[in-house]
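Visitor: Handing you this structure, nothing more for now.
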Amino acid sequence: MQKGGSACVIKLKYSPLPYICMKKETWLLLLIIIATVSLFSFSRLFNESSPIDAKKFFMEDLESSYPHADVREIISIETAGDGRGTYYVLKARVSSNLSTPCPERVEVEYYYPTKNFLKSDEQVVHGCNVCLDNPNCHISYPEEAIIASHTYEGTDEVTAFLRAYPQATPSPSLLKKYDGQRDAWQVDWKAKDGPTMRVILSSFGTSALSVEMLE
C-alpha cells in the first residue's frame, strides 16, 4: 500500500485494478460533480419539447383565444432550426359562422418553444366577399365555397332560396372531378324540414357550374 497526503492506492492481490481511497472531502466533491452533471442531463431531457407538447399548448391557446369558433384544428406542424435551437412552426385553421351564408376563417401561426410561443394570425376569409374583381381567383377553402355559392354569377336561385329558408345551413365538399373538371366545390344548402339546394362551383372562375333543387 502506498500512502500520500490525500489518497492511498491499494493493489488487490487478485485484481489488475487498484482500489483508490480518498479523503471525505474529495468524495464529497466527486459526488457533487456527479449530481450536477446528472441534474443537467435530466433538466435537458425535461425541457426538450416534442410535437405532442407543442400541439397541446397550441390547442389550449386556440380554445382560450377563440372560444366561440366552430372549428379549431391544426393543419400543419414543421420543425425549424437545428440543435438546441430547434423549434416547431404550427399552423391552424379557426373557422366561425359555418352554419351561415357568411363564414369567416382565420389562420394562426405559432412558434414553439424557443421563439417564446409567438403567435400571428391572418384573416383569410371575411366580409362575405370572394374573388371580387379577380377573374383568376381560386377557391381554396370551404368557407369561400359557401360564400361563392350565393354570390357568384348564376346563383340568383340560391339567393331566393335563402330568403325563403333563412335557417338553411350549408354543407361544402370538394369534388375531385365534375363534368370533366378537376377540383369543383359542391355546396348543399339544407332547409330544415324542407328541400335542399345544390350548387356546383369550379375552383377557378367566378360563376356557378350548376344549381339545382333536390327534394
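The values are calculated or read from the model by the stated rules, or taken from the named source; none is laboratory data. The structure presented is a predicted model; accordingly, all values stated were derived computationally and were not measured. Glycine also receives a Cβ, built like all others from the backbone with ideal geometry; neighbour counts cover every protein chain displayed.
Visitor: Ile52 - would you say it is part of a helix (DSSP H, G or I), of a type outside the set (D, E, K, R), loosely packed, with under 10 Cβ neighbours inside 10 Å and at pLDDT 55 or above?
Guide: Here the answer is yes, as Ile52 does meet what is asked.
Visitor: Okay, next question. Among the residues that make up the stretch 132-150, is at least one of them over 23 Å from Glu107 (Cα atoms) and modelled with pLDDT of 95 or more?
Guide: Checked against the condition, which is being over 23 Å from Glu107 (Cα atoms) and modelled with pLDDT of 95 or more, the stretch 132-150 yields at least one hit.
Visitor: Is it the case, given these coordinates, that Asn97 is modelled with pLDDT of 85 or more and not charged (D, E, K, R)?
Guide: yes
Visitor: To continue, here is another question. Output the number of the condition that Asp156 fails; it satisfies all remaining conditions of (1) exposed (fewer than 15 other Cβ atoms within 10 Å of the Cβ); (2) touching a residue at least 12 places away in the same chain (Cβ under 8 Å).
Guide: Among (1) exposed (fewer than 15 other Cβ atoms within 10 Å of the Cβ); (2) touching a residue at least 12 places away in the same chain (Cβ under 8 Å), Asp156 violates only (2).
Visitor: Also, I was wondering about something else. Quick one: in the stretch 161-215, which of the residues that are in a loop (DSSP other than H, G, I, E, B), hydroxyl-bearing (Ser, Thr, Tyr) and more than 27 Å from the chain's Cα centre (by Cα) is nearest to Tyr141 (Cα to Cα)?
Guide: The qualifying residue nearest to Tyr141 (Cα to Cα) is Thr206.
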